[in-house]
Each structure stands twice: as structure tokens, then as C-alpha cells.
Amino acid sequence: MTIHWIGALLIVAGSSLEGFRRSNQLHKRQLALVEFAQALTWMQNEIVKRQTPILEIIRTQMQRKGEVAVLFGLFQEQLTKNQSLLNDAWTKAVDAYKPVSNLLPEDLEWLMRIGEAIKPYDRQSIDKELSFIIDMLRSCHQEARSRAVQMGKVYKALGVMGGILIVLLLS
Amino acid sequence: MINCKGVDGMHTILFLFPERLQHLLIESFTVSLAGVEEIRIRIGRPVQIESHHGTVDLDYVPSQNDRQHIAEKISQHSFYSLEEEMKKGYVTIEGGHRVGIAGKVTLEEGRVKAIQSISSFAIRIASEQIGCADPFMDELWDPIARRWQHCLLIGPPKSGKTTLLRDFARYISLHHQGCEDRSKKISIVDERSEIAACHHGVPQLTFGTKIDVLDRCPKLEGMTMMIRSMSPEVMIVDEIGHERDIYAIMDAMYTGVSMIMTAHANSIEELQKRAIMDKLLKSEIHHYIHCNQTGYTLFKNGRKIIFSERKP
């Protein structure tokens, strides 16, 4: 009898954990998007207003917490260790970042465009391109936030209820 | 000497180029790029090398990718950070080497705003000939007044004027054992970053301790700023010619500063045809050095005093 209870508890716990994991992933995605939007806005200002060299920007971005630091760390590695060119280094960094990211493929596609955006020789072109990407990331963030609000609770409830339902069906 | 050596004694300039071009340059000119004066990269045309022995075309035609490679290496992946320098048409990189740039520009109110795409790079390798000014120093030193006398270096482009000027700056700013008087506070107004070859404001070439450089500053304002702020005993300026420059130089001379400067001209007679320059030459300058491919000749009051052969 006890074994049945333990089994039931494990099913409910497992299912609930999966619900919480999915809900958490939604939360992390919107958090990552807002972090990237902030980091890129700062980068845009540094490039356009202060003409800060990219390696210096990377060093500062790496001091941030979260996924921004991970991506910029990979970017620095490509630029300095592998001696890749800017766009190439960024593309490779985003590719390496994909497996550890909480972002969706459509978010990553916008991030991928940053390498091309910071390549031009004049700041005005960089400004325009980065503004566009930041706007798109912000709109992704809006969508991610409302999705997290709506679906977060649904996933959690579904996880717990689903577990209970399975236990009931099995009993 | 300039520290141009990177890994395995390779000239730092080589790191700017794609690997295949690096190998070709090393094969033709060794890792230290001995004798190379200028490397010209033109997209779609063979790379051209100007050396002491003449001009050579390499079997390498740079592509758009190579352009991006070189542009990124020059700017450490941040070409936008060189936008202000780019408006002048060149950038000075670490080691004091100058990279001239040509391509398609964008204009704003009739002035160059930015370079949109690059088609050519002219990489001029900074060189210094330590000691090339030594033969003239005794003649230019006034032992009674204990000061350096004004001197004008004249010559056509690439005749070695700036190289000689740089060595004057080195000699005067150095401490001289036994004749300490010769060491003076020296200010360089380096409008084009050519004399001291500054990178981030720091001179990259060999100088003594008593040197202050105002980098990329217009001569006129620079001379006034230096006199006010650094109280120089000797001031160095490159490529004078404009009427305003001459008046500023005369003002500086009246404040007791010894002036050493260069001017573009094939001969002294050519300079004398310019009224204001003639006034300067007659009233204040007794020494001038004529520079050409063969060497440097010092004249005092129009009389030839010393000739020094130019080293390759």
C-alpha cells in the first residue's frame, strides 16, 4: 500500500515539476529578452555617443549577470582566441549560445542580426540597425511577458492537476 | 627603436593582413619587412609594395573579405571608433604606422561625414633614423646664448624632412652627459600624428624625457596652447606654409622659443617667392636644411655648411 502512495506522490511531483519548469522557462525567456534589450541599448549608446571600442563593450557586458554575460563571453572568445571577424564571431557565438539559452528560435534570429548591425564603418548606420533590433527584442519581450503571465499559471496548474489525474486514472 | 616586433619577431603590420598575404610578404621581405616603406592595398588590384629598391606588385588581389579583415584589424573590430580620424583620411595605429584610406564617402552640408565603403588602404610604415640629425647639432647650438637656433627643413615630399625633424626632437629632449644645457623642454605640435606617431596620445617613437606632444591639433591653436601651458624652450611643427602659420611662428619666436619646422619646397628660392615666408627667412631664420633623396644639406645665411648622406 505504502509503495502505491509513494508511486502516486512521485507521479504528482514529477508532473508538477514539469509544469513549474515550463512556467519558469517562460519567465526566464522574458527576463533574458529584457536583459538583452537593456544591454543592447547600452551598447548602442556606447558606440554612437562615446565610440567605445567593441572589446571594451564586451568586457563590460561580461560583468552583467545572466545570459547576456554568457553570449558576450562566447563573442569575446571568438574575437580574441579564434581571431574571427566581427560578424563571423557573433554568428558563431550565438550558435554556441543556443543550447544554453532560454530564448526561442525567433528571438535568437534577432540576436543573430547584431553581428551584421555593428559591422558598418559609420555610427549612423549602426545606430539605425541596433535601434531596429532593440525594438524587435522589446516587442518579443512584450509577447513573452503576456505569454508568461497567461501560460505560467496554466502550466503550473496543468502540471499538478495532470499528475493527480494520472494517479486517479491508474488507481 | 620602434617596437614593431610581435610574436616570433614578426612585424606588427603583418598581423593586419589575411594569412596568405602575410606569407607572401614574409617570402618577399622577411618577417621584419626589411626595407618596406609603404604597402598599398586596393580592392580588385594587386597589392603594391614600395620599398627602398622600388615598387613591387605581389601576386595577390585583395577581395571584399580582405578589406573587412584589414579594416577590423586596424580598428580592433571597432571601425566606428575611428570615425573622426577617418574624416581626415587616415588613422595612426599602434607602432605609429599611418594607414591612409580611400573609398566612398558620405557628405553632410558639403563636408565629409563618414566613409561608407573602403576601396584602398595605404599603410605607411613608421620609420626613424636615430642619429640622422647628429651632424647638424653642433652647428645649430648657440654656446653663448645657450639655446638652439631656429631652423627650417625644406624639401619635396618623401625627402626625409619629417624623419630628420623627429630626430631633432629626440636629440634635444635627451639628457646629454657633459653638455646638459643642450637638453631642453620640447613641445611638438603634431597636426597629422606624423612626427611623434602618437597612439592614444602616447608617442610611439624614440624620444628623450623632456617632450610634450599635442597630437592632431591644428598648428595655429596648438602653438598658442603649448606656449601657454607647457612653457617650451624648443617647439617643433611640421609643414608650415600658410600665412597664419608664419605669423604664429613669428609670435612664438618673439616669446623666446626656438623653432624647428619643415616646409614643402624644392628649393629655398621657391620658398622665397612667397612674400610672408621670405620675411620669416630674412628676419629670423639663418639656418635651413635642404632635404632630398641623397641627403641633408645645412645652409647658414645661404652658405653651404654641412652635407650628410641619407641612409637607406
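Since every read-out is calculated from the coordinates, none of them should be taken as a lab result. What you are looking at is a predicted structure, and each value in this text was computed from that prediction instead of being measured. Virtual Cβ from ideal backbone geometry, glycine too; neighbours counted across all protein chains shown.
In the protein assembly as shown, the C-alpha radius of gyration followed by the widest Cα-Cα span (Dmax) gives 31.7, 120 angstrom.
DSSP assigns beta bridges within chain B; of those with both partners inside it, close to 65 percent run antiparallel. When both bridge partners sit in the protein assembly as shown, DSSP labels roughly 65% of those beta bridges antiparallel. Placing pseudo-labels 7 Å out from each Cα toward the beta carbon at B:SER267 and A:ARG64 gives an inter-label distance of 6.8 nm. Distant-in-sequence amide contacts of B:ILE240, defined by a placed amide H-H separation under 5 Å and a gap of 5 or more residues or a different chain, comprise B:THR262, B:ALA263, B:HIS264.
For chain A, take the longest principal axis of its alpha carbons; what is the angle in degrees between that and the long axis of helix A:86-97, to the nearest 10 within 0 to 90? Long axis of A:86-97 versus the principal axis of chain A: about 10 degrees. The length gained on full extension between B:ARG303 and B:HIS52, counted as 0.36 nm times the residue separation minus their Cα-Cα distance, comes to 87.3 nm.
FRET efficiency for the pair B:GLU139 and B:THR224, taken as 1/(1 + (r/R0)^6) with r the Cβ-Cβ distance and R0 = 35 Å, rounds to 0.75. Maximal additional length on extending the B:GLU94-B:LEU107 stretch stands at 1.8 nm, based on 0.36 nm per residue less the C-alpha distance. The Cα-based radius of gyration of the stretch A:1-92, divided by its Kirkwood radius, gives an Rg/Rh of 1.30. Could you work out how far helix B:219-230 tilts from the main Cα principal axis of chain B, as a 0 to 90 degree angle to the nearest 10? So the helix axis and the longest Cα principal axis differ by about 60 degrees.
Taking the Cα atoms of the stretch B:157-304, the ratio Rg/Rh between the radius of gyration and the Kirkwood radius comes to 0.94. The modelled label-to-label distance between A:LEU55 and A:MET161, using points 7 Å beyond Cα along the C-beta direction, is 5.7 nm. Averaged over the residues of A:122-131, the number of partner chain Cβ atoms lying within 10 Å of the residue Cβ comes to 3. Taking the square roots of 5 times each eigenvalue of the Cα gyration tensor of the stretch A:98-171, largest first, gives ellipsoid semi-axes of 42, 13, 5 Å.
Rg and Dmax over the alpha-carbon atoms of the stretch B:7-124 stand at 14.4, 49 Å. Between B:GLU37 and B:GLU50, B:SER51, B:HIS52, the built amide H atoms are under 5 Å apart, and every one of these is 5 or more places off in sequence or on another chain. Counting beta carbons within 10 Å around each of A:THR41, A:THR2 and listing the fewest first gives the order A:THR2, A:THR41. Kirkwood analysis of the Cα pair distances in chain B returns a hydrodynamic radius of 20.7 Å.
Binning the alpha carbon pair distances of chain A at 10 angstrom intervals from zero yields the distribution 10, 32, 25, 14, 11, 6, 2, 0, expressed in whole percent.
Rounded to the nearest 10 degrees, the angle from helix B:64-75 to the longest Cα principal axis of chain B is 40 degrees.
The chymotrypsin sites (Phe, Trp or Tyr not before Pro) of the stretch B:219-296 include none that meets both criteria, a DSSP state outside H, G, I, E and B (loop) and at most 15 other C-beta atoms within 10 angstrom of the site's C-beta.
The distance separating the Cα centre of the stretch B:117-169 from that of the stretch A:123-171 comes to 68 Å. Of the peptides B:118-124, B:232-238, the ranking by mean beta-carbon count within 10 Å, highest at the top, reads B:232-238, B:118-124.
Using the Cβ-Cβ distance between B:SER119 and B:HIS176 with R0 set to 30 Å, the FRET efficiency works out to roughly 0.05.
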